[in-house]
Structure formats: structure tokens, C-alpha cells
Amino acid sequence: MRTRYNAGITALGGYVPDHILTNHALEEMVDTNSEWIVSRTGIKERRIVNDASIATSDLAVKAVERLLENAKLSPDFIECVIVATSTPDYIMVSTASVVCEKAGLVNAWGVDSNAACSGFLYALTLGASLIESGRYKNVIVIGADKNSAIINYEDRNTCILFGDGAGAVLLEATTAEVGLIDNVFRTDGSGKEQLIVQGGGSLNPSSLETVNNKLSFISQNGRVVFKAAIEGMTSTCNEVFKRNDIGAEDIDWLIPHQANLRIIQAVGDNLKIPIERVKINIDRYGNTTAATIPLCLWDFKDDFKAGDKVLLTAFGAGFSWGATFLVWGNLRG
């Protein structure tokens, strides 16, 4: 009989730039104030790359290096790398390829996944599927974004929200009853205009017109996204509960995408999961897009113990959203 493998998380790494962009600094850049930002978003500061030569791949490599160091593994151990990002280094040449080269992952192949803020969850399931198939024994899944590269710092509606960062997890094959158990994902392309970077792709290639019209920056309809995020994250989490015959009382930790504190609180309330069991770091990092969930895992890793039931949920451009249910295992190192 063929061995049935689960994909367990066995190592973590995270990285954010040293430069801190505070709310008070933003007050000098746009018509806003710190009190309003905190009350509306929960964000007090965010980390920003302040060196134009640093790309998304560099953030990802830092996270990978920390992961390997913590797990006491050499780079040649890794078989596959999946990078979730919506700010790739290049339009052509995957960021994963660059990460493999820079991090010395000589035995790994790499590929990118773009589902914006839901990207890490989608990539995590892709990585788990490779392991569950029996074809691979280990996969690094990275969420990384240099959002400062696509932010208009004259637009107070978006510049207050986003930061830069990267987080990485190592998935390994195991026969233990740990790792990814189930997920529910949804996509609705009719929402694409509500949260989008319109310029730079094949529909609107980079040109003087796209630059002048600021189409290479994020644009967002905040009210529509806010409502859709709460509804989408809540509904997919509830579907995970139903499919796995579990309830809020069974969940040890809820780790939601860090887009807005009010969204996080609303989802927790809707699911009846106490705030004490919800992991939050948006106050320090802002919205790092694909990096928010792995950065939460990295930040709070010492709080998780083997057997903990963890619920991950995200909502992003696309619209894309979903929830993943996993059981925590033992970390290397």
C-alpha cells in the first residue's frame, strides 16, 4: 500500500526591513494624522525598503536564510520553492528563480504564485499538494512583497496601509497527523477593479501614459474591499468548520491576513473566536500582502505547540480569498 504523506510545517523564517515609516512621518507626506490611521486601520508603523537596489527577492532570501539557520539545514536540502508575490522582481523571470540563485538552493526548482494578499495561502496548498503526492519530501513556501514599489505616497488612501516584508515556511513530508488538513478557496474576477495595479501588464504595458496616469500604483475602493473581506473570510472559515466537523471552540489560534484591524476584529467576532486567540501584528508592519500570514507565524512561533489547531484566512485582489485549517507539529532546531 502506498504511504500517505501529510505536509507539516517544520521551520519558519521572517524578515522586515530596518527602516520604520511611522504614522507621524506620513503626516508630513499627505493630509492625514496618526490618530485617524490607528482608529481606522490599527496601524502605527510599517517597515519600508529605503534602498532602490533591494528587490522582493532580497526580502525573500533573508527569510529563507533565517529558516535554514533555525532548522540547521543546508541550502542543498531544499527541493522546491514557491514564492507568493504580487511585486515580482521582473515581469519575465520568476522571483523564485532569483531566490534559488541568491540563496544557493542549487537542488531546488522554483515558481511564483500571484494571488495578492491570498497568495501565501494558495501557495501553501500548492506546496502541500506536491508533498502529499509523494513526489517531493520538502518545499519552501514564501510570501514576500515590496509594496513600497507600487505605492503612490501622495495617495493617503493607500500609502498608510502597506509595508514591505517576507515570511517563509518549510513543508516536509510526514506520516504524523499534523500539517495541512483542509482548505476552502474562492475567486471572483468581477471584483478586480476594486483593488488593482492597472499598468505594467499585457493589457496596459508600461508607457509614458501609464506613468503619467499613475497606473503602476495600487488603487483601491476601500469600502467595497472592507465589506467583501469580512464576508469572504468569515464564510470560508465557517465552511472549513462544517467540512471538518469542528467549531470555534476547537481552534487554538486564528491567524488572519493583516489588512485592517477592524476587519480582523470583525472576522474574529463573526467566528466567535476570542481576540486572545487571534494573532495580530498589523500595528507594527502594516499590510505586507502575501507576507502577512507567514510573518505572523514567524513572530508568534513560540506560542504554538504540537497539536494546536490553527486556522489561517486571507482576502486579496482578484478578488481572491479563503481559509486553511492545519494542525501544528514540531519544528526543527
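The values are calculated or read from the model by the stated rules, or taken from the named source; none is laboratory data. Being a predicted model, the structure only gives us computed values, none of them experimental. Cβ coordinates were reconstructed from backbone atoms using ideal geometry, including for glycine residues, and neighbour counts include every protein chain displayed. What goes into the accessible areas is simple: the full protein's heavy atoms, side chains included, and nothing from ligands, DNA or RNA. Shrake-Rupley method; radii C 1.70, N 1.55, O 1.52, S 1.80 Å.
Tabulated data for the structure shown
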{"quantity": "Antiparallel DSSP beta bridges within the chain, percent to nearest 5", "calculated": "70 percent"}
{"quantity": "Solvent-accessible surface (1.4 angstrom probe) belonging to GLU276, in square angstrom, nearest 10", "calculated": "140 Å²"}
{"quantity": "Rg/Rg_globular for region 233-333, with Rg_globular taken as 2.2 N^0.38 Å and Rg from C-alpha atoms", "calculated": "1.02"}
{"quantity": "Inter-centroid distance (Cα atoms) of region 4-82 relative to region 202-242, Å", "calculated": "20 Å"}
{"quantity": "Residues of type aspartates and glutamates that LYS301 reaches as a straight line, Cα spacing below 16 Å, ignoring anything fewer than 8 places off in the same chain", "calculated": "GLU69, ASP252, GLU276"}
{"quantity": "Region 187-298 - Kirkwood radius from inverse mean 1/r over Cα pairs (Å)", "calculated": "16.0 Å"}
{"quantity": "Evaluated at q = 0.13, 0.21, 0.24, 0.28 Å⁻¹: base-10 log I(q)/I(0), Debye formula over Cα of region 58-105", "calculated": "-0.28, -0.69, -0.88, -1.12"}
{"quantity": "Tail weight of P(r) past 27 Å, computed on alpha-carbon pairs of region 62-205, percent", "calculated": "27 percent"}
{"quantity": "Principal axis dimensions, region 194-250 - Cα atoms, whole angstrom, descending", "calculated": "55, 23, 14"}
{"quantity": "With all protein chains modelled, accessible area of CYS100 [1.4 Å, Å²]", "calculated": "20 Å²"}
{"quantity": "Fluctuation leader among LEU208, LEU124, LEU297 - the chain, Gaussian network, Cα springs under 10 angstrom", "calculated": "LEU208"}
{"quantity": "Extreme residue, positive dipole direction of the chain, given options VAL81, ILE37, THR210 (C-beta unit charges)", "calculated": "VAL81"}
{"quantity": "Highest-fluctuation residue, VAL98, VAL310, VAL106 considered, GNM on the chain with Cα pairs under 10 Å", "calculated": "VAL106"}
{"quantity": "Of LYS44/LYS272; LYS62/LYS309; LYS192/LYS305; LYS72/LYS272; LYS192/LYS242, those spanning more than 32 Å from alpha-carbon to alpha-carbon", "calculated": "LYS192/LYS305; LYS72/LYS272"}
{"quantity": "Computed helical MRE - 222 nm, the chain, DSSP H runs ≥ 4 contributing -39500 (n - 2.57), nearest 500", "calculated": "-9500 deg cm²/dmol"}
{"quantity": "Region 101-186 - charge dipole about Cα centre, Lys and Arg +1 at Cβ, Asp and Glu -1, debye rounded to 20", "calculated": "100 debye"}
{"quantity": "Candidates THR56, THR41, THR292: whichever shows maximal mean-square fluctuation once the chain is modelled as a Gaussian network with Cα springs under 10 Å", "calculated": "THR41"}
{"quantity": "Unit Cα scatterers, Debye sum, region 122-240: log10 I(q)/I(0) for q = 0.19 Å⁻¹", "calculated": "-1.16"}
{"quantity": "Per residue accessible area of the chain, 1.4 Å probe, in Å²", "calculated": "44 Å²"}
{"quantity": "Protein accessible area in the chain, 1.4 Å probe - carbon and sulfur %", "calculated": "49 percent"}
{"quantity": "Within the chain: Cβ-based charge dipole about Cα centre, in debye rounded to nearest 20 (Lys, Arg +1; Asp, Glu -1)", "calculated": "560 debye"}
{"quantity": "Rule-of-thumb Rg ratio for the chain [Cα; 2.2 N^0.38 Å; N residues]", "calculated": "0.94"}
{"quantity": "Burial ranking of peptide ranges 262-273, 243-254 (average Cβ count within 10 Å, highest at the top)", "calculated": "262-273, 243-254"}
{"quantity": "For q = 0.21 Å⁻¹, Debye-computed log10 I/I(0) when each Cα of region 1-127 counts as one equal scatterer", "calculated": "-1.25"}
{"quantity": "With DNA, RNA and ligands ignored, accessible area of ASP89 (1.4 Å probe; Å², nearest 10)", "calculated": "40 Å²"}
{"quantity": "Share of Cα-Cα pairs in region 112-160 lying beyond 13 Å, as whole percent", "calculated": "64 percent"}
